[in-house]
Amino acid sequence: MKPRQTNFWKVFSTPLVIALLSAAGLFSALLGDGIWDALSWVGLGVPAYLAIRGLLPRN
Amino acid sequence: MKSKTIRRWSFIHTWSSLICTVFLLLLALTGLPLIFHHEIEHLLGDAPQVREMPADTPRLNLAQLVEAAEKHRPGDVVQYFGFEDDEPNAVLTIMAKTAGTEPNSSHTFMLDARTGEALETPSANGGLMLFILRLHVDMFAGLPGKLLLAFMGLLFVVAIISGTVLYLPFMRRLQFGTVRQDKSSRLRWLDLHNLIGVVTLTWALVVGVTGVISACADLLIAAWRNDTLTAMVAPYRDAPPLTRLAPATRLLDIARDVAPEMNPDFIAFPGTRFSSEHHYAVFMKGGTHLTSHLLTPVLIDASTLQVTAVGERPWYMDAMGMSQPLHFGDYGGMPMKILWATLDVLTIIVLGSGVYLWVVRRRAAKPLPTEAAA
């Protein structure tokens, strides 16, 4: 099972970080305004940015 | 992962998403303008402008506002008064033929809290935005429509989970974010489907689950009426119907006395879905940012104005309260709305590319679902 496990983390480590970041973003703006809002923009901005970067044609 | 396991997950992913795709596309497309409904209503000139008056202009009391409302729509009764933080000089007013009239037959407008002048809110009673909202909420099919959409939302969640499981075999040999652009259109869209799907995962799950909860709101409210409300008003079970109501004048002060840390959100008049036949229900929201989405009803006897009970909030009503901001994306300013719209469009792309990949796969002679082995 060893090689499989390595595979798992290799594939899922980045998506997991993004998932946690989005979750923090979704939650933070519920807690307050100002800095909390800004945190949520970062948390939701990262997945939006990564997706759009993938869509743009590379040269 | 064994190829048999992959085939099973692939089957689940294909069919859960295919069944819900049409509905999800409808939801995502109608949801897009709804994110900006406030701004659109302003642009269309449908948002009432409360008149500029000196800041210390005294406000009418609630009984005077009820009177103003009844003068504005003779023959109707007030169902609800709503209070908004960003417009303290206006009271959202909902009236109908009877207190028990269902929401879609009610009439919504604003009352100037200082003059009692009625300001119409056309977008709350008809027009394009309400049409889009009804499409989004129940497709004009009432409770069955809502429940169908809730079921589609559940399928969407299944599609997201199975898609995440499949992400592993598909991406085993690829760096995160790889988009193969030069091989074939199918590979490019497969990579994009995987990339956009996995980065929008959390957002889509949260919006999906909170949408399902909101779609079940009618059932949750009915459950709340059945257990919590019925228990609170048990002593009134055999009381005769009220012939006249005590004036609403002091309702907010009475509610603030028993819930001093909270602020009023709305008042449900006797006989509506959020109150009993014998009570005014003042719904108080929490005083902090987080708890401002959680409502506590204060039931006030509509003939003696004594507080009958301060409601406890069952967990499902809290879930319903928290679902609203997390579904609407209206709690983090304009940048959040723009991100919400972006993620919504990205979800449309994931849905569309999913259908495209399925069509291309079907056209190919061999329908073996073992991409991963390639």
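The values are calculated or read from the model by the stated rules, or taken from the named source; none is laboratory data. Being a predicted model, the structure only gives us computed values, none of them experimental. Glycine also receives a Cβ, built like all others from the backbone with ideal geometry; neighbour counts cover every protein chain displayed.
The table below gives the values:
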| quantity | calculated |
| --- | --- |
| Considering residues of the stretch B:40-55 that are without any contact (Cβ under 8 Å) to a residue 60 or more places away in the chain and of a type outside the set (A, V, I, L, M, F, W, C) only, the residue farthest from B:THR121 (Cα to Cα) | B:PRO54 |
| Qualifying residue in the stretch B:183-195 (condition: within 13 Å of chain A (Cβ to nearest Cβ), over 24 Å from B:LEU25 (Cα atoms) and touching a Leu at 6+ places or on another chain (Cβ under 7 Å)) | no |
| Only listed residue being within 14 Å of chain A (Cβ to nearest Cβ), free of Cβ contacts under 8 Å to residues at least 40 places away in the same chain and on the phi < 0 side of the Ramachandran plot, chosen from B:THR243, B:THR230, B:THR164, B:THR200 | B:THR164 |
| Residue in the stretch B:145-155 that is more than 14 Å from chain A (Cβ to nearest Cβ), among the charged types (D, E, K, R) and over 25 Å from B:PHE23 (Cβ atoms) present | no |
| Any hit, the stretch B:184-193, residues being on the phi > 0 side of the Ramachandran plot and free of Cβ contacts under 8 Å to residues at least 24 places away in the same chain | no |
| Meets criteria (at pLDDT 95 or above and crowded, with 19+ Cβ neighbours inside 10 Å) for B:ALA63 | no |
| Condition broken by B:ALA248, with the remaining ones in (1) within 14 Å of another protein chain (Cβ to nearest Cβ); (2) touching a Phe, Trp or Tyr at 6+ places or on another chain (Cβ under 8 Å); (3) aliphatic (A, V, I, L, M) satisfied | (1) |
| Selection count where residues are buried (at least 19 other Cβ atoms within 10 Å of the Cβ) and either among the β-branched types (Val, Ile, Thr) or at the interface with chain B (Cβ under 7 Å from one of its Cβ atoms) (or both), scope the stretch A:4-29 | 7 |
| Residue in the stretch B:85-98 that is part of a helix (DSSP H, G or I), in contact (Cβ under 8 Å) with a residue 24 or more places away in the chain and either over 22 Å from the mean Cα position of the chain (by Cα) or surrounded by 14 or more Cβ atoms within 10 Å (Cβ to Cβ) (or both) present | no |
| Verdict on B:ILE196 being farther than 19 Å from A:GLY25 by Cβ, β-branched (Val, Ile, Thr) and at pLDDT 95 or above | no |
| Any hit, the stretch B:251-265, residues being surrounded by 16 or more Cβ atoms within 10 Å (Cβ to Cβ), of a type in the set (S, T, N, Q) and closer than 30 Å to B:GLU87 by Cα | no |
| The stretch B:297-356, subset aromatic (Phe, Trp, Tyr) and within 11 Å of another protein chain (Cβ to nearest Cβ), residue farthest from B:VAL282 (Cα to Cα) | B:TRP340 |
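Let's see how each residue does on (1) part of a helix (DSSP H, G or I); (2) modelled with pLDDT of 95 or more:
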position	(1), (2)
B:LEU32	yes, yes
B:HIS38	yes, no
B:HIS42	yes, no
B:ALA47	no, no
B:PRO54	no, no
B:PRO58	no, no
B:GLU67	yes, yes
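The rows are residues; the columns are (1) under 19 Å from the mean Cα position of the chain (by Cα); (2) over 23 Å from B:ALA96 (Cα atoms); (3) buried (at least 18 other Cβ atoms within 10 Å of the Cβ).
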| site | (1), (2), (3) |
| --- | --- |
| B:THR288 | no, yes, no |
| B:VAL307 | no, yes, no |
| B:GLY311 | no, yes, yes |
| B:TYR316 | yes, yes, no |
| B:ALA319 | yes, yes, no |
| B:LEU326 | yes, yes, yes |
| B:TRP340 | yes, yes, yes |
| B:ILE349 | no, yes, yes |
| B:TYR356 | no, yes, no |
